[in-house]
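S.K.: Sharing a structure, written as structure tokens. Questions coming.
The values are calculated or read from the model by the stated rules, or taken from the named source; none is laboratory data. Everything numeric in this text was worked out from a predicted model, so none of it was measured. When we count neighbours, we look across all protein chains shown, and the Cβ atoms used for this are built from the backbone with ideal geometry, even at glycine. All accessible areas refer to the heavy atoms of the entire protein, side chains included, with ligands and DNA or RNA removed. Shrake-Rupley method; radii C 1.70, N 1.55, O 1.52, S 1.80 Å.
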Amino acid sequence: MCTRVVYLGPEDTIITGRTMDWKSDMGTNLWAFPRGIKRDGAAGFKSIQWISKYGSVVAAGFDVGSTDGINEKGLVANMLYLVETEYPTPTSNDPRKPLCLSAWAQYVLDNYATVAEAVEDLGKEPFYIVPVKTPDDQEGTIHLSISDPSGDSAIFEYVGGKLVIHHGREFQVMTNSPVYDQQIALNNYWEQIGGTTMLPGTNRAADRFVRASFYIKAIPQTSNINEAIASVFSVIRNASVPLGISTPGQPNISSTIWRVVADHKNKRYFFESTRIPNVFWVSLSDLDFSPGAPTKKLTPTDGTFFAGNTAAQFQPTEPFKFLPATVE
């Protein structure tokens, strides 16, 4: 499920782009959440609880979970599929609180302003992830990437029941299988060949990783924000999977259904559905994130075509409920 890249340009021109590849339509709408929302981990009465420190705009999956988003500090979170994921098995006296997978990205967006801050806190494991199947009955095996306006990045994976964190500006690309250490090893092999000589061209995750890694570094590094955004879109389109292409039993090798590009510097969140022939965006500076402000929703799934800055077109809506997990 998906390809994610981070563009490191001059003059703090930092841009994160990703594709969402999935076997069915997720019915993705955009939501604007203010600060001060009281939340819980949707994993039973022992769930971790928090109050959101930062407002955010998210792309929801099935309107039951945050799959991607940006907060008002410019921190971006992206959830991608990883079939090898093995979540922790809690002990009877586990000090960690449960957090449903559906709320993982939202927890990060609500609580952290920078990647470094998130890495420091999440490394202490205040919660353990409780998996839940998607509404279309797929296993919730996910890894998470985050990036911020400094260009810092981190990848969070659960491998063999243990949390593994890759932290640094060099971690610009993430796709799906295999686990991240092996992705890096495969990419190192292709870097010896050189992208101008030959690049792997299939829709497999490892091949998309190699192409995205080469192109995100090969495109011109510019402080012209419109040129940079267009370049990042061109990279993630290159790593996209055409509509109608899928591999049975492997939802991570499926058609690209939408793309997102996040402008960290100017706090803009660009959205492109592969079924609608235009790109629109949300300028976070035009949204009210103050405590007590209403949750708002933008609904491209109702057939409305959007263009330009859509911040004023979000409508007050009761927030969705995170898909709950059962904790035994």
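S.K.: Residue 92 to residue 315: FRET efficiency via 1/(1 + (r/R0)^6), r the Cβ-Cβ distance, R0 35 Å, to the nearest 0.05?
M.R.: Plugging the Cβ-Cβ distance into 1/(1 + (r/R0)^6) gives 0.15.
S.K.: What is the spread of the Cα atoms of the stretch 201-328 along each of their three principal axes, largest first, in whole Å?
M.R.: Per principal axis, max minus min of the Cα coordinates gives 49, 48, 33 Å.
S.K.: With labels modelled as points extended 7 Å from the Cα through the Cβ direction, what inter-label distance (nm, one decimal) is found for residue 265 paired with residue 49?
M.R.: Result for the modelled spin labels: 4.3 nm.
S.K.: Here's another thing I want to ask about it. Under the rule a/c < 1.5 gives rounded, and otherwise a/b versus b/c splits prolate from oblate, where does the stretch 91-147 land using the Cα gyration tensor?
M.R.: Here the stretch 91-147 falls in the oblate category.
S.K.: Report the antiparallel proportion of the DSSP beta bridges in the stretch 267-328 as a percent, rounded to a multiple of 5.
M.R.: On the way: 6 of 8 bridges.
Looking only at bridges with both residues in the stretch 267-328, the antiparallel portion is about 75 percent.
S.K.: Taking 0.36 nm per residue of separation and subtracting the Cα-Cα distance, what length does fully extending residue 116 through residue 285 add?
M.R.: Here the answer is 58.5 nm.
S.K.: Can I ask one more? Please calculate how many Å² of accessible area the chain carries per residue, with a 1.4 Å probe and no DNA, RNA or ligand atoms counted.
M.R.: Accessible area per residue: 41 Å².
S.K.: If I build a Gaussian network model for the chain, linking alpha-carbon pairs within less than 10 angstrom, which residue out of 276, 253, 165 has the largest mean-square fluctuation?
M.R.: For the chain, modelled as a Gaussian network with Cα springs under 10 Å, the answer is 276.
S.K.: Do me a favour and compute the ellipsoid semi-axes for the chain from its Cα gyration tensor, root of five times each eigenvalue, largest one first, whole Å.
M.R.: 27, 24, 19
S.K.: On full extension of the chain, what length is gained from residue 295 through residue 159, given 0.36 nm per residue of separation minus the C-alpha to C-alpha distance?
M.R.: 45.4 nm
S.K.: Something else about it: Less than 14 Å Cβ to Cβ from residue 178, Lys/Arg counted +1 and Asp/Glu -1: what total charge do the surrounding residues give? All intermediate terms of the calculation are to be shown ahead of the outcome.
M.R.: Working: positive: 204, 208; negative: 84, 86, 157, 181, 207.
Residues near residue 178 contribute -3 overall.
S.K.: Kindly state, as a whole number, the per residue volume in cubic angstrom of the convex hull around the alpha carbon atoms of the stretch 121-241.
M.R.: Measuring per residue, one finds 142 Å³ for the Cα hull of the stretch 121-241.
S.K.: If you don't mind, there's one more thing I want to ask. Beyond 23 Å between alpha-carbons counts as too far, so tell me which of 267/296; 46/296; 217/265 fall in that bin.
M.R.: The pairs that break the limit, which is 23 Å between Cα atoms, are 46/296.
S.K.: Moving to a separate point now. Identify which of 18, 39, 208 has the largest mean-square fluctuation in a Gaussian network model of the chain, with springs joining Cα atoms closer than 10 Å.
M.R.: Evaluated over the chain, the most mobile residue of the options is 39.
S.K.: Now a separate question. For the chain, modelled as a GNM with alpha-carbon contacts under 10 angstrom, which of 179, 115, 210 fluctuates the most?
M.R.: Judging by the Gaussian network model, the answer is 179.
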